[in-house]
Amino acid sequence: MAVVLLTGFDPFDGADRNPSADAVNAVAAAYDGPHELVVATLPVAFEASAHRLRTLIAAHSPDVVIATGLAAGSSRVAIERIGVNLIDARIPDNDGEQPVDAPSEAGGPAARFSTLPVKRLLQVLTAEGLPAQLSLSAGTYVCNHVLYTAVGAVRPDARAGFVHLPWSTTTVPAGGLHLADTQLARALRLIVDHALDAESTEAGGSIW
Ligand code: PCA
């Protein structure tokens, strides 16, 4: 039985909810296998998030890590392809730290690719009518830091990646782009179910 670690984030930037934690908890509440699902909510803080992630990985030795967070302003589920070794925080994290132009991991490679089957996951979500896209940047804040850290921290034969979610209906500030809570939870459930699939070899990158 594969062990899947699925994470969301605490609220940040003045919000009182983070739809990623809600969606992760909804998946956990309804989960009926076949994998062993471990869920956690990470702090929105550079040091603490990486520390908690490494602790969870050491404790559970997951076969797959799927980290998720909020991308405010987006209207689609964004499957991230790459984490860069760069922190440039527009706002302080929840511990008051605001690194600017600092590495995620001193001496680490410039970037790490997600090892989730990103194109396959996009196919699966799209086939269910869920608005989804691949993304070439998870930003330079805590989500990118967690993606970069996760790919570097899992066992060599394990997979890790990151999915950015839009606001949900119950968490969106007035007038903001969002998807239904059920759509976010469904998307994450499908990603859990298909995270160990073979990658699709379809063409699909951008040309600019
Ligand atoms: N989104 C932020 C950090 C936590 C979250 O949910 C990000 O995209 O970096």
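What follows draws every value from the coordinates through simple rules; no lab data is involved. Keep in mind that what you see is a predicted model, and the values were worked out from it rather than measured.
Overall, the anisotropy analysis places the chain in the rounded class: the square-rooted eigenvalues a ≥ b ≥ c of its C-alpha gyration tensor yield a/c less than 1.5.
Would you work out if region 74-128 is rounded, prolate or oblate? Take a ≥ b ≥ c from the square roots of the eigenvalues of the alpha-carbon gyration tensor; rounded if a/c is under 1.5, else prolate when a/b is larger than b/c, oblate otherwise.
Values: a/c = 4.07, a/b = 1.74, b/c = 2.34.
The shape class here is oblate.
Which of rounded, prolate or oblate describes region 49-161 when judged by the alpha-carbon gyration tensor and an a/c cut-off of 1.5? It is oblate, given that a/c is not under 1.5 and a/b is not larger than b/c. Helix-only arithmetic for the chain: the sum of -39500 (n - 2.57) across DSSP H runs with n ≥ 4, divided by the residue total, places the mean residue ellipticity at 222 nm at -9500 deg cm²/dmol.
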